[in-house]
Amino acid sequence: MNATSVSPHPTSSQGSYDAVVVGAGFAGLYAVYRLRKMGFTVRVFEAGSGVGGTWFWNRYPGARCDVESYEYSYSFSPELEQEWDWTERYPAQPEILKYINHVADRFDLRRDIQINTRVKSAHFDESRDYWTVTTEKGDSVTAQFVIMATGCLSAPRVPDFKGLKRFKGEWYHTGDWPHKEVSFAGKRVGVIGTGSTGIQAIPVIAAQAKHVHVFQRTPNFSLPARNGPQDPQKAKQMKAHYPEVREKARWSGNGYALLGDVPAKGALEVSDEERNATYERCWEIGGPTLPRSYNDTVFNKAANDTACEFVRNKIRQIVKDPKVAEMLCPTGYAIGTKRLPIDTDYFATYNRDNVTLVNVRNAPIEEILPNGLRTTEATYELDTIVFATGYDAMTGSLLAVDIRGSQGRELREKWSAGPRTYLGLQTAGFPNLFMVTGPGSPSVLSNMVTSIEQHIEWISDCMDNLRKQGATRIEADLKAEDAWVEHVNQVGSKTLYPTANSWYMGANIPGKPRVFMPYIGGVGNYRIKCNEVAAKGYEGFRLGGAALTSARSA
Ligand code: N01
């Protein structure tokens, strides 16, 4: 931007709005689009210096979406669908960010989005049914509704290692990556963490660095992405059939149409030959389908074991040093119960002379030194450390804001034993506060864009409905919330998910309550439930407000 140009974003806020939206990622942008169209006034606060949310912050080398590009996009505008061309099967971070910026400009969304502004607090005034929202910059606004579009993986976590402040080299967390180019050329780099992020970043960093030490605590299953340039035929097909594809995704198990229907057979119902041929086909096609090629791998350990062993054998074939291969083979948890990465050349990277795998399960990192780090067994000299150590997932970004509901009750206190929500949309005691893809909704187990659109549509329709009725307040009923939490837990406990130490369970954060946070009942079933609740006059919610009360008593 040159010195005379004016930012399209507003720079400060006072006053009153129908809704304050926190966050300008996929969810926040769609909220502005829809609420504005329905005649609501809206102000978005975004901590970053641009829109994009996850895709604004996650600029680490190799950052890429693991949902195919044509499905990882908005469905609300047929024109947008037709005019945008994706260049790769799995879109890289810069392309997704470009798309999000295109959406912001195309629909003139920026004038309601205040960037560089982190929300500090949101307090509810129950005498007037509105929230006061303050920011770290000193803005203070009121709004009838607050919509937390803060994302599920947006509170990066650097482990509390002794000595980090004294490190003389450069260190980065992948979820808070600098906006300048980071060069690894000639550098001795340490990467801590082998989740989806580490698995994407390690091959790219290894191709540049002098040497990479990978500090692995838990080996991870990973499947080849088989990424490549977008097939023009496939793109054409997609554009010709977008309405059907989107509709299928909306009612599917996980919000994708391309992943197909739930398979008819279980892994143990077929012969070893047939199963191996299926797994082999999935491995060759690429993407996350392998464990989903049978209907029981999520529930049945023996069925799941067949997929685990197939992938372990692939690792043994790819990695030349048998000792390193065994170190990379995941054991002790079911495939898919920790988020399953898809990769480009991850395992083959360990065949490079400049890559060393270090087991920090047996010998944990004790301390960061000025020139490297020390485990309980050895010292490693490093110029750069990359923390691919994940997030305080699902609740971290919500609880980072000082949220106080009725009678000043703090959300942090209410959720001290784990998050409790009704439909992942609201939590009792916090009227007019909505969460987008909150805990208790399909969220991270789904194509996020599908789930985001469903939530924003439900929330904005709800606001419209309240307006028509003259209601100023909606609040989840505690009994409905308890029943939903019970249902979420029941469905989750039928699966193998709770058996793994994953961020789905909060297990990556010391002291975080162990609760399976997402809803695994399926995107389509969940949509049915949300629609039913709305059709029954917002069953399980309590509606209130002056006009409504007088209409009812008349
Ligand atoms: O984080 P993670 P992530 N010492 O929590 C290790 C999404 N995503 O950023 O497993 C040593 O999965 C930790 O070890 P362990 C996706 O949903 C999407 O990789 O806890 N190691 C683990 O290996 C994903 O799941 C895309 O034993 C330590 C790693 O750090 C989510 O983001 C791309 C440690 C953290 O893995 C988070 O992935 C990338 C310690 N003290 C990410 N503390 C897409 O493609 C932690 N670790 C869309």
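The values are calculated or read from the model by the stated rules, or taken from the named source; none is laboratory data. Remember, predicted model here, so these are calculated numbers, not experimental data. Virtual Cβ from ideal backbone geometry, glycine too; neighbours counted across all protein chains shown. Heavy atoms of the whole protein, side chains included, go into the accessibility calculation; ligands, DNA and RNA do not. Shrake-Rupley method; radii C 1.70, N 1.55, O 1.52, S 1.80 Å.
3J(HN,Hα) couplings calculated from phi for segment 324-331 with the Karplus curve 6.51 cos²θ - 1.76 cosθ + 1.60 (θ = phi - 60°) are, in sequence order, 5, 4, 5, 5, 8, 7, x, 9 Hz; Gly and Pro show x. Between Val158 and Trp171, the distance separating the two model label sites (each 7 Å from Cα on the Cα→Cβ line) works out to 0.6 nm. Placing unit charges on each Cβ (+1 for Lys and Arg, -1 for Asp and Glu) gives the chain a dipole about its Cα centre, and among Phe430, Asn101, Asn227 the Cα reaching farthest toward its positive end belongs to Phe430. The ellipsoid equivalent to the alpha-carbon distribution of segment 174-272 has semi-axes of 36, 22, 13 angstrom, derived from the gyration tensor eigenvalues as √(5λ) and listed largest first.
Entry for segment 79-178 at q = 0.15 Å⁻¹: log10 I(q)/I(0) = -0.98, Debye formula applied to identical alpha-carbon scatterers, no solvent contribution.
Amide H contacts under 5 Å for Trp84: none, restricted to partners 5 or more places along the chain or on a different chain, H placed in the peptide plane at 1.01 Å from N. Taking every DSSP beta bridge that has both residues in the chain, what percent is antiparallel when rounded to the nearest 5? Within the chain, antiparallel bridges account for around 40 percent of the total.
Axis of helix 272-285 versus longest Cα principal axis of the chain: the two differ by about 70°, to the nearest ten degrees. Computed from backbone phi with θ = phi - 60° and the Karplus coefficients 6.51, -1.76 and 1.60, the 3J(HN,Hα) list for segment 25-31 is x, 3, 6, x, 5, 5, 4 Hz; x is used for glycine and proline. The fraction of accessible area contributed by carbon and sulfur in segment 262-340 is 55 percent, rounded to a whole number (1.4 Å probe; ligands and nucleic acids excluded). The ellipsoid equivalent to the alpha-carbon distribution of segment 262-340 has semi-axes of 21, 14, 11 angstrom, derived from the gyration tensor eigenvalues as √(5λ) and listed largest first. Among Ser271, Ser12, the order of accessible area from largest down is Ser12, Ser271, computed with a 1.4 Å probe on protein heavy atoms. Under a 5 Å amide H cut-off, with hydrogens placed 1.01 Å from N, Cys152 pairs with nothing among residues at least 5 apart or on other chains. Counting only Cα atoms, the size of segment 193-350 along its three principal axes is 48, 38, 24 Å, in decreasing order.
Taken per residue, the accessible surface of the chain reaches 42 Å², heavy atoms only and a 1.4 Å probe. Converting phi to 3J(HN,Hα) with the Karplus coefficients 6.51, -1.76 and 1.60 and the offset θ = phi - 60°, segment 82-92 yields 7, 8, 9, 10, 8, 8, 10, 4, 10, x, 7 Hz in sequence order, with x at every glycine or proline.
In segment 435-510, inverting the average of 1/r over every pair of distinct C-alpha atoms gives 14.8 Å as the Kirkwood radius. Over the chain, DSSP H runs of length four or greater, each weighted -39,500 (n - 2.57), average out per residue to a 222 nm ellipticity of -9500 deg cm²/dmol. Here segment 291-306 is scanned for amide nitrogen atoms under 19 Å from the site 7 Å beyond the Cα of Glu274 along Cα-to-Cβ, giving 291-298, 300, 302-306. Between helix 448-469 and the chain, what is the angle of the helix's C-alpha long axis to the longest principal axis, kept within 0 to 90° and rounded to the nearest 10? It is inclined by approximately 10 degrees. Just to check, using Stokes-Einstein with a Kirkwood Rh over alpha carbon pairs, what's the diffusion coefficient of the chain at 25 °C and 0.890 mPa s in µm²/s? The estimated diffusion coefficient comes to 100 µm²/s.
Near the amide H of Tyr17, within less than 5 Å, lie the amide hydrogens of Thr142, Ala143, Gln144, all on another chain or at least 5 residues away, with H placed in the peptide plane.
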